[in-house]
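Note sheet for the following structure.
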Amino acid sequence: MGDLLLSIVMLAGLALAGGAVMVFRHGDRRRALLMLIAALVLFGNVAIWLVPVK
């Protein structure tokens, strides 16, 4: 179940990053920046969850 959730979060991060690029091309820089920050937060969460614990 955990692997499925990590996969969904990664796909959401990729969708946000791709959406940020598309929104940036249309000229809405603030929304694109917020979407990019949200994607980076999701990627950071996945990185934290994947750190091995003793």
**Asked** Assuming V41 fulfils every condition listed in (1) at pLDDT below 95; (2) surrounded by 11 or more Cβ atoms within 10 Å (Cβ to Cβ) apart from one, which condition is it?
**Response** (1)
**Request:** Scan the range 13-37 for residues that are surrounded by 15 or more Cβ atoms within 10 Å (Cβ to Cβ) and touching a residue at least 24 places away in the same chain (Cβ under 8 Å) and jot them down.
**Result:** G13, L16
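Condition check ((1) assigned to a helix (DSSP H, G or I); (2) over 9 Å from the mean Cα position of the chain (by Cα)) across all residues:
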{"site": "L4", "(1), (2)": "yes, yes"}
{"site": "L14", "(1), (2)": "yes, no"}
{"site": "A39", "(1), (2)": "yes, no"}
{"site": "G44", "(1), (2)": "yes, no"}
{"site": "V51", "(1), (2)": "no, yes"}
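The values are calculated or read from the model by the stated rules, or taken from the named source; none is laboratory data. The model shown is predicted, which means the values in this text are computed figures rather than measured ones. In this analysis, Cβ positions are derived from the backbone assuming ideal geometry, glycine residues included, and neighbour counts consider all displayed protein chains.
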